[in-house]
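**Q** Pasting a structure below so you can have a look.
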Amino acid sequence: MNMKICFYLFCFLSPFFSVYGQQPTPQKPRILISTDIGGTDPDDNQSMTHLLMYSDKFEIEGLISSPSYGNGSKQEIIRMIDLYEKGLPKLQKHQSGFASPKYLRSISKQGYRGNVSFIGYSNATEGSSWIVKCAKKKSSQPLWILCWGGLEDLAQALHDAPEIQNKIRVYWIGGPNKKWSANSYAYIVANFPNLWFIEDNSSYYGLFSHSDEPDSVTASNYYDKYIQDKSFLGKDFKNYYQGEVKMGDTPSLLYMMDGNPEDPTRESWGGSFEKFDYSPRAVLDHATSIKDTVAFCSIVEFRFKGPKIKADKESIQFWMEVPYGKTVQKWPGYYIEEGIYAIRYIPKKAEVLNYKFSSDIKEIDGKEGALVVDNLWPGKQNKSDYKLGGNWFTDKQAKDLYFGKMQGGKTVSKWRNEILMDWAKRWNWLNEE
């Protein structure tokens, strides 16, 4: 093929690469990770592996353990850094700029354990204080807070230092995390409507899930072909989902690696999003039936009247019991004040939700009901919705972008092969003899 033909081919194909290929970021972004690593869902360990292997792409300023549920801890972050350190020389043969293990340990902090009461915040933690410190640094660019679990430490940081809201950008993997972090989420949307916030409730499923069932993991030979057990990180990876790739939180990283993160509506490996100006909230004073419908990921807030009792405000006084597979999940309800009792629950997917309440308070004990949860977020508007400012973004609603049941899922699933092949190059680095 002569040079003239090559030139014409380049001119013809360049626009397609610029639209469909990964784009350079304007600058290396400042990021802080809030993770429930070590908790009930081991995909955070997989996403941490991915982060460490791409640490040359970011200015990492914090790694915070924020387990709203389960036994996550800073020690699990440190353990992952130790594995990374053992393979680092091989990575450095191919690329400069990888984060120092010593530095990463120094910015690993313990955040809040568990979920907070109805008010949405509690007390400052090492993690929430670190968020404030990093956000207040003098910089020409914002601090990107990538939340892989609960929002308790972010809510606490905003409560303690509300002035940081203009210095941060948030990308949150919501969905199931909203269930555990309902009160902190409600605090943030109610009190910081002008925060810059991407709420990814379902697009991220496009990276790993079967199209018909959220949280399923697509089987492949990716581990045997590319990851293997020749490195410390590779051997460890086999401990999570038998080595199948889930990495449900990784789209937040991919978003920061591809194009200008200030434009969430663009095409990117980490999804493409649209603005929304209300966060749905249904306030109910009665048990519901299947005639009642809410959108998935909406706040369902029950408020009951009962006796005025001598109890601490925000103390747990009743429970909401919800079937979950072959088990039952129990969610705490609180005494608000003057005979008012309340609970927030956020359903993570489309379903018929059955529930009942148990309590020593006879006016509440034994109440039961059902809700139909539909598959379009944020759904119909209510007078009780939280109003949002102009910088909130979420999963695109277009029907042609659904990945099966997952709203917006195709904005990520379309890049899956490119994402995994790019990562395979780095596994090859680690697997060299």
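The values are calculated or read from the model by the stated rules, or taken from the named source; none is laboratory data. Just so we're clear, the structure is a prediction, and the values are computed from it rather than from any experiment. Because the Cβ atoms are built from the backbone with ideal geometry, glycine has one as well, and the counts that use them run over all protein chains shown. Remember, those area values only see protein heavy atoms, side chains included, never the ligands or the DNA or RNA. Shrake-Rupley method; radii C 1.70, N 1.55, O 1.52, S 1.80 Å.
**Q** Mind listing just one residue for me: the one in region 25-81 that is open to solvent by less than 10 Å² (accessible area, probe 1.4 Å) and free of Cβ contacts under 8 Å to residues at least 40 places away in the same chain and, of those, nearest to ALA155 (Cα to Cα)?
**A** Residue satisfying both the conditions and the ranking: MET48.
**Q** Here is a follow-up. Starting from region 283-310, keep only residues that are under 24 Å from GLN397 (Cβ atoms), then list their pairs with residues that are open to solvent by less than 50 Å² (accessible area, probe 1.4 Å) and aromatic (Phe, Trp, Tyr) whose Cβ atoms are within a distance under 6 Å, requiring at least 6 positions of separation or different chains.
**A** Note: pairs meeting the criteria are ALA295/TRP377; PHE296/TRP377; CYS297/TRP377; VAL300/TYR345.
**Q** Is it the case that PHE318 is farther than 30 Å from VAL412 by Cβ and at pLDDT 95 or above? Give the steps one after another, and end with the answer.
**A** On the way: farther than 30 Å from VAL412 by Cβ: yes; at pLDDT 95 or above: yes.
Yes: the conditions hold for PHE318.
**Q** Here's something else I'd like to know. Residues in region 175-217 that are among the polar types (S, T, N, Q), at pLDDT below 95 and open to solvent by 40 Å² or more (accessible area, probe 1.4 Å): how many?
**A** So the answer is 1.
**Q** Something else: Counting only residues that are basic (Lys, Arg) and touching a residue at least 12 places away in the same chain (Cβ under 8 Å), which one in region 99-136 is most open to solvent (accessible area, probe 1.4 Å)?
**A** Let us first name the residues in region 99-136 that are basic (Lys, Arg), namely 102, 105, 109, 113, 133, 136.
Checking which are touching a residue at least 12 places away in the same chain (Cβ under 8 Å) leaves us with 105, 109, 113, 136.
Numbers: ARG105: 73, LYS109: 30, ARG113: 137, LYS136: 104 Å².
Only one residue tops the list, namely ARG113.
**Q** A further question follows. Among the residues of region 213-233, are any in contact with a Leu (Cβ under 8 Å, 6 or more places away or on another chain), aromatic (Phe, Trp, Tyr) and in a loop (DSSP other than H, G, I, E, B)?
**A** No, the conditions are met nowhere in region 213-233.
**Q** Can you confirm whether VAL300 is out of contact with any His (no Cβ under 7 Å at 6 or more places or on another chain) and either in a loop (DSSP other than H, G, I, E, B) or modelled with pLDDT of 95 or more (or both)?
**A** Working: out of contact with any His (no Cβ under 7 Å at 6 or more places or on another chain): yes; either in a loop (DSSP other than H, G, I, E, B) or modelled with pLDDT of 95 or more (or both): yes.
Yes: the conditions hold for VAL300.
**Q** Let me ask something else about it. Taking the residues in region 82-98 that are in a loop (DSSP other than H, G, I, E, B) and open to solvent by 30 Å² or more (accessible area, probe 1.4 Å) as candidates, determine which candidate is nearest to ASP36 (Cα to Cα). Give the steps one after another, and end with the answer.
**A** Going residue by residue through region 82-98, those that are in a loop (DSSP other than H, G, I, E, B) are 93-98.
Subset that is open to solvent by 30 Å² or more (accessible area, probe 1.4 Å): 93-97.
Numbers: LYS93: 32, HIS94: 31, GLN95: 29, SER96: 29, GLY97: 26 Å.
Among those that are in a loop (DSSP other than H, G, I, E, B) and open to solvent by 30 Å² or more (accessible area, probe 1.4 Å), it is GLY97.
**Q** Considering only residues that are surrounded by 14 or more Cβ atoms within 10 Å (Cβ to Cβ) and basic (Lys, Arg), look in region 254-309 and name the one that is nearest to GLU321 (Cα to Cα).
**A** Among them, the one singled out is ARG303.
**Q** Residues to consider are GLY120, GLY127; find the one that is modelled with pLDDT of 95 or more, part of a loop (DSSP other than H, G, I, E, B) and either β-branched (Val, Ile, Thr) or within 23 Å of GLU314 (Cβ to Cβ) (or both). Before you say what the answer is, go through the steps one by one.
**A** Numbers: GLY127 fails: part of a loop (DSSP other than H, G, I, E, B).
So the residue among GLY120, GLY127 that is modelled with pLDDT of 95 or more, part of a loop (DSSP other than H, G, I, E, B) and either β-branched (Val, Ile, Thr) or within 23 Å of GLU314 (Cβ to Cβ) (or both) is GLY120.
**Q** So, in region 385-433, exactly how many residues are farther than 23 Å from LYS235 by Cα, open to solvent by 30 Å² or more (accessible area, probe 1.4 Å) and in a loop (DSSP other than H, G, I, E, B)?
**A** Residues in region 385-433 being farther than 23 Å from LYS235 by Cα, open to solvent by 30 Å² or more (accessible area, probe 1.4 Å) and in a loop (DSSP other than H, G, I, E, B): 8 in total.
**Q** Scan region 341-354 and tell me whether some residue there is under 25 Å from GLY114 (Cα atoms), in contact with an Asp or Glu (Cβ under 7 Å, 6 or more places away or on another chain) and touching a residue at least 24 places away in the same chain (Cβ under 8 Å). So that I can check it myself, show each step before the final result.
**A** Looking only at region 341-354, we keep the residues that are under 25 Å from GLY114 (Cα atoms), and these are 341-349, 353-354.
Narrowing further to those that are in contact with an Asp or Glu (Cβ under 7 Å, 6 or more places away or on another chain): 342, 344.
Applying the additional criterion that residues be touching a residue at least 24 places away in the same chain (Cβ under 8 Å) yields 342, 344.
Taking every residue of region 341-354 in turn, at least one turns out to be under 25 Å from GLY114 (Cα atoms), in contact with an Asp or Glu (Cβ under 7 Å, 6 or more places away or on another chain) and touching a residue at least 24 places away in the same chain (Cβ under 8 Å).
**Q** Continuing with the same structure: Please go through region 178-215 and pick out each residue that is among the polar types (S, T, N, Q) and touching a helix residue (DSSP H, G or I) at 6+ places or on another chain (Cβ under 9 Å). Spell out the reasoning first.
**A** Our first condition is that a residue be among the polar types (S, T, N, Q); within region 178-215, this holds for 181, 183-184, 191, 194, 201-203, 209, 211.
Once the filter is applied, which keeps residues that are among the polar types (S, T, N, Q) and touching a helix residue (DSSP H, G or I) at 6+ places or on another chain (Cβ under 9 Å), region 178-215 yields SER181, ASN183, SER184, ASN191, ASN194, ASN201, SER203, SER209, SER211.
**Q** Here's another thing I want to ask about it. Among the residues of region 141-174, how many are modelled with pLDDT of 95 or more and part of a loop (DSSP other than H, G, I, E, B)?
**A** Taking region 141-174 first, the residues modelled with pLDDT of 95 or more are 141-148, 151-174.
Add one more test, that the residue is part of a loop (DSSP other than H, G, I, E, B), and what stays is 141-142, 148, 151, 161, 167, 174.
The qualifying residues number 7.
**Q** Could you check, for region 323-344, whether at least one of its residues is within 30 Å of LEU401 (Cβ to Cβ), modelled with pLDDT of 95 or more and open to solvent by less than 30 Å² (accessible area, probe 1.4 Å)? Walk me through it before giving the result.
**A** Restricting attention to region 323-344, the residues satisfying the condition of being within 30 Å of LEU401 (Cβ to Cβ) are 324-325, 344.
Imposing the further condition that a residue be modelled with pLDDT of 95 or more reduces the set to 344.
Then drop every residue that is not open to solvent by less than 30 Å² (accessible area, probe 1.4 Å), which leaves none.
Checked against the condition, which is being within 30 Å of LEU401 (Cβ to Cβ), modelled with pLDDT of 95 or more and open to solvent by less than 30 Å² (accessible area, probe 1.4 Å), region 323-344 yields no hits at all.
**Q** Among the residues of region 265-280, is there at least one that is among the polar types (S, T, N, Q), assigned to a strand (DSSP E or B) and closer than 16 Å to TRP392 by Cα? Give the derivation first.
**A** Taking region 265-280 and keeping what is among the polar types (S, T, N, Q), we get 265, 268, 272, 279.
Filter once more, so that each one left must be assigned to a strand (DSSP E or B): 279.
Still in the running and closer than 16 Å to TRP392 by Cα: 279.
Within region 265-280, one or more residues are among the polar types (S, T, N, Q), assigned to a strand (DSSP E or B) and closer than 16 Å to TRP392 by Cα.
**Q** So, in region 32-70, exactly how many residues are hydrophobic (A, V, I, L, M, F, W, C), within 22 Å of TYR240 (Cβ to Cβ) and part of a strand (DSSP E or B)?
**A** Here the count works out to 4.
**Q** Please verify whether LEU151 is of a type in the set (A, V, I, L, M) and within 27 Å of GLN407 (Cβ to Cβ), treating the condition exactly as stated. Outline the logic, then answer.
**A** Numbers: of a type in the set (A, V, I, L, M): yes; within 27 Å of GLN407 (Cβ to Cβ): yes.
The answer is yes for LEU151.
**Q** Another question about this same structure. Could you tell me whether region 360-383 includes any residue that is farther than 24 Å from GLN329 by Cβ, assigned to a strand (DSSP E or B) and open to solvent by less than 40 Å² (accessible area, probe 1.4 Å)?
**A** Scanning region 360-383 turns up no residue that is farther than 24 Å from GLN329 by Cβ, assigned to a strand (DSSP E or B) and open to solvent by less than 40 Å² (accessible area, probe 1.4 Å).
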